[in-house]
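Scroll down for the structure; my scribbles are underneath it.
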There are 2 protein chains.
Amino acid sequence: MKPSVGIRDVAQHAGVSNATVSNVLNRPDVVAPATRQRVLAAIEELGFVRNESARQLRAGRSRVIAYVVLDAANPFFTDVARGVEDAAREAGFSLFLCNSASDGSRERDYLELLHEQRVEGILITPVDTESAGFADRGTPVVLVDRETADGTRCSVAVDDVLGGELAVTHLIENGHTRIAMVGGPLSIQQVRDRREGAVRALTNAGLPADALTFLETRGLQVAEGRGAGERLVGLPSSRRPTAAFCANDLLALGLLQSMTQQGLRVPDDLAVVGYDDIEFAAAAAVPLTSVRQPREQLGRTATRLLLAEHEQDHEHRHVKFQPELVVRASTAVKRST
Amino acid sequence: MKPSVGIRDVAQHAGVSNATVSNVLNRPDVVAPATRQRVLAAIEELGFVRNESARQLRAGRSRVIAYVVLDAANPFFTDVARGVEDAAREAGFSLFLCNSASDGSRERDYLELLHEQRVEGILITPVDTESAGFADRGTPVVLVDRETADGTRCSVAVDDVLGGELAVTHLIENGHTRIAMVGGPLSIQQVRDRREGAVRALTNAGLPADALTFLETRGLQVAEGRGAGERLVGLPSSRRPTAAFCANDLLALGLLQSMTQQGLRVPDDLAVVGYDDIEFAAAAAVPLTSVRQPREQLGRTATRLLLAEHEQDHEHRHVKFQPELVVRASTAVKRST
DNA sequence: CTCAGCCGTTAAAACGTTTCAACATCGAGG
DNA sequence: CCTCGATGTTGAAACGTTTTAACGGCTGAG
């Protein structure tokens with residue numbers, strides 16, 4: 001079982017040289033049909049499995065790319081991953097998924113491992129954009145849903161400032177003048193950008209900056225959204241916002257649940273806008289208005305950029321998508337006063 | 001940039017032999033501190049990255065395991081994966097995630113690749129238990145959330161018959177006598193088992209078998225649940241069930257949404273029980289009663305079994321966990337008639 | 001002063017492929 | 001009959017590590 005049959009065992013068993021076996025494996029057309037059959041039979045009979053390490057060592061190629069994802073439990077990222085996987089598959093590559101779970105040290109470990117594995121390329125949504133944690137180590141790296149400060153690598157992102165603006169403008173148009181924004185921590189670029197967009201929407205509408213109540217959370221999970229909901233309801237009713245813009249759908253779902261539990265109705269007592277438009281947003285009991293990002297496309301595009309890095313004349317590119325507001329029941333028009 | 005610095009470049013640069021560099025990398029304690037520093041400096045300076053292919057080829061070891069997951073978009077599996085990852089990390093292994101997306105051909109491709117990569121072991125929730133698609137190829141394989149017909153490999157599973165029984169018994173105790181079961185396709189073992197459990201619950205309670213209306217779906221997604229909801233409401237009210245047991249939480253969430261949209265209340269008009277107890281179940285606007293599986297533990301246990309396969313006297317083991325009913329608002333006690 | 005023993009270092013042999021130049025074999029064209 | 005090109009096959013040299021046994025220099029005991 002363990003004596004690990006190699007290419008030379010196959011060769012001997014088929015009465016040919018190892019070079020021929022290799023040819024059968026890599027350029028089947030170059031070897032005569034008869035011999036090919038004989039070799040294939042031998043492979044089958046001996047249960048030969050090609051040793052990828054040796055192959056890669058010699059050939060240099062790898063046929064594998066990796067996506068280091070920020071949070072595998074967030075459907076947003078699994079959707080991006082689907083796009084990556086599809087594009088990779090079309091190009092003949094396989095995809096290894098690695099979950100950093102927002103943990104810098106895991107991220108570092110995985111990057112190290114992937115570099116050592118000599119994968120053809122790495123896609124990553126990094127924990128922290130600033131951290132120069134991942135220096136150039138020869139393996140192409142493309143940032144997903146993040147922008148590079150410097151232009152040292154390709155990136156694919158979505159205009160989060162615009163997204164925030166769309167969301168809050170929609171709320172203002174629906175008659176809201178006291179609006180909460182839920183999200184955090186502020187160390188995350190996305191959260192900062194989306195808040196900036198929200199503020200811009202207020203300014204555009206001629207509303208004062210303090211029309212926006214910022215409720216900072218410690219993360220972007222459902223539980224954090226629930227907590228924010230309790231804080232929100234605890235505010236004196238004169239100052240309590242009539243609408244909330246959440247930095248992501250998980251928060252929005254938590255907020256929604258919190259409202260229901262406290263006997264408040266969405267959108268009547270509080271309108272809610274989420275961000276990402278994950279499937280659960282549409283499937284919530286009160287379907288969520290949300291800012292849609294082109295998730296699969298994000299993944300596909302990132303993958304294409306990554307695979308293009310091998311071209312000799314490669315220039316780093318930065319693609320930026322436009323988000324889109326999807327209106328649902330959670331912000332149904334407020335009854336006119 | 002491309003001239004790929006190797007161990008011998010480092011050696012030369014530090015004025016030692018390549019064996020010493022290798023020792024610094026693998027047994028730092030055996031080399032004199034002074035030389036070690038010199039070598040480390042050279043590594044840093046040249047930006048050396050160890051070539052894992054060569055290492056693995058020579059050393060035989062791999063430090064990587066893989067989990068081929070059935071559906072990366074289902075939170076149930078990402079939770080299992082978390083358990084796997086934690087256990088792997090503790091044992092000093094890294095985890096590669098592969099998503100078969102319920103597609104047999106993808107699954108086959110990934111298995112082939114992983115065997116060729118000579119990963120230390122493979123965890124898999126297979127698309128189809130019957131398919132002998134993955135023969136023994138020398139790499140240990142452990143089944144997750146599935147049982148083996150034959151005892152040829154380890155497996156970790158949950159008692160799905162019991163789970164179905166728990167769910168439906170709970171509904172019966174709440175006074176329901178017309179119950180729907182939503183799930184499918186029946187080619188999935190889990191669905192069959194859970195239905196069997198449901199039937200058993202009816203029998204135990206002395207109810208006729210036709211008290212259970214089986215609504216078969218084409219898959220286990222949210223959208224399928226919505227569709228089932230419409231079918232359910234379309235039934236003549238005399239025969240319409242007052243409670244539904246869904247084969248997984250995604251279906252239950254879809255069903256829930258469908259009810260709300262059609263103006264029916266949960267649990268008053270229809271009680272709903274899901275399965276898996278994913279986070280979104282508790283976070284739904286009407287928190288879902290669900291059958292909880294020990295997800296992280298499933299992953300952890302499977303990983304331990306996998307890593308134990310290398311022991312010389314290894315015997316294949318089959319671990320089976322008990323599920324647990326978590327009661328929430330979606331099945332709040334029916335008002336006594 | 002010699003010798004055993006220890007320590008740190010090294011030369012060289014693997015590991016299992018791919019690849020390349022060279023080599024047979026054969027039929028056809030001159 | 002010789003040469004040529006095409007077609008299939010092969011021997012041997014890489015690829016970049018790890019590993020083993022051997023080596024030289026030093027120390028302290030005899």
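Of the accessible area of region A:7-50, computed with a 1.4 Å probe over protein heavy atoms only, carbon and sulfur atoms account for 50 percent.
Computed on chain A, with alpha-carbon pairs under 8 angstrom and 6+ residues apart, the relative contact order is 17 percent. Paramagnetic label reach from A:Glu173 (point 7 Å along Cα→Cβ; backbone nitrogen cut-off under 15 Å): within region A:286-309, residues A:289-292. Under the simplified labelling scheme, the B:Val5-B:Ala34 pair shows an inter-label distance of 2.3 nm, with each label point 7 Å from Cα along Cα→Cβ. Surface analysis of region B:7-50 yields an accessible area of 60 Å² per residue, using protein heavy atoms and a 1.4 Å probe. DSSP assigns beta bridges within the protein assembly as shown; of those with both partners inside it, close to 10 percent run antiparallel. When you restrict to C-alpha pairs under 8 Å that are six or more residues apart and normalise by the size of region B:7-50, the relative contact order lands at 41 percent.
Distances between equivalent label points of B:Pro236 across the copies, with each point positioned 7 Å along Cα→Cβ, amount to 6.2 nm, shortest listed first. Working note: 222 nm ellipticity from helices only, DSSP H runs with n ≥ 4, each -39,500 (n - 2.57), summed and divided by the residues of chain B, gives -13000 deg cm²/dmol to the nearest 500.
For A:Val319, the distances from its label point to the matching points in the remaining copies are 4.2 nm, ordered from shortest, with each point set 7 Å beyond Cα toward Cβ. Here is the size of region B:55-211 from its Cα atoms: Rg then Dmax, 19.1, 67 Å. Taking 25 °C and 0.890 mPa s as conditions, region A:7-50 diffuses translationally at an estimated 250 µm²/s according to Stokes-Einstein applied to its Kirkwood radius (Cα pairs).
Counting only alpha carbon atoms, the long axis of helix A:160-173 and the longest principal axis of chain A meet at about 30°. For B:Asp145, the residues 5 or more places off, or on other chains, whose built amide H falls under 5 Å of its own are B:Val156, B:Ala157. Put simply, the amide H of A:Thr213, placed in the peptide plane, has neighbours under 5 Å in A:Ile179, A:Ala180, A:Met181, leaving out anything fewer than 5 places away on its chain. For region A:65-162, the relative contact order is 26 percent, taking Cα pairs closer than 8 Å that sit 6 or more residues apart in sequence and dividing their mean separation by the residue count. Scalar couplings 3J(HN,Hα) for region A:97-102, obtained by applying the Karplus form with A = 6.51, B = -1.76, C = 1.60 to θ = phi - 60°, are 9, 10, 10, 7, 6, 6 Hz; x denotes Gly and Pro.
Interface residues of region A:282-313, defined as those with an accessible-area decrease of at least 10 Å² between the chain by itself and the complete set of protein chains (probe 1.4 Å), are A:Ala282, A:Ala283, A:Ala285, A:Pro287. For the chain pair A and B, the buried solvent-accessible surface (1.4 Å probe, both sides summed) amounts to about 4900 Å². Residues in region A:182-337 average 45 Å² of solvent-accessible surface per residue, probe 1.4 Å, ligands and nucleic acids excluded. With the label put 7 angstrom out from Cα along the Cα-to-Cβ vector, A:Arg218 ends up 4.4 nm from the copy partners, going from closest to farthest. Solvent-free Debye calculation, one equal scatterer per alpha-carbon of chain B: log10 I(q)/I(0) at 0.06, 0.12 Å⁻¹ equals -0.31, -0.85. Threshold 30 Å², probe 1.4 Å: give the residues of region A:47-66, in number order, that are less accessible with all protein chains present than with their chain alone. Output list: A:Val49, A:Arg50, A:Asn51, A:Glu52, A:Ser53, A:Leu57.
3J(HN,Hα) couplings calculated from phi for region B:13-22 with the Karplus curve 6.51 cos²θ - 1.76 cosθ + 1.60 (θ = phi - 60°) are, in sequence order, 4, 9, x, 10, 8, 4, 4, 5, 4, 4 Hz; Gly and Pro show x. Out of every Cα-Cα pair that the protein assembly as shown contains, those further apart than 48 angstrom amount to 23 percent. Each residue of region B:73-81 was assigned a 3J(HN,Hα) from its phi angle through the Karplus expression (A = 6.51, B = -1.76, C = 1.60, θ = phi - 60°), giving 7, 8, x, 3, 6, 5, 5, 4, 4 Hz with x at Gly and Pro.
Taking other residues whose beta carbon is less than 9 angstrom from the beta carbon of B:Thr213, and scoring Lys, Arg as +1 and Asp, Glu as -1, yields +2. The heavy atoms of A:His170 present about 20 square angstrom of accessible area, all protein chains included, probe 1.4 Å.
The values are calculated or read from the model by the stated rules, or taken from the named source; none is laboratory data. Please read all numbers here as calculations on a predicted model, not as lab measurements. FYI the Cβ positions are ideal-geometry reconstructions off the backbone, even for glycines, and counts take in every protein chain you see. In case anyone asks, the SASA skips ligands and DNA or RNA and just uses the protein heavy atoms, side chains included. Shrake-Rupley method; radii C 1.70, N 1.55, O 1.52, S 1.80 Å.
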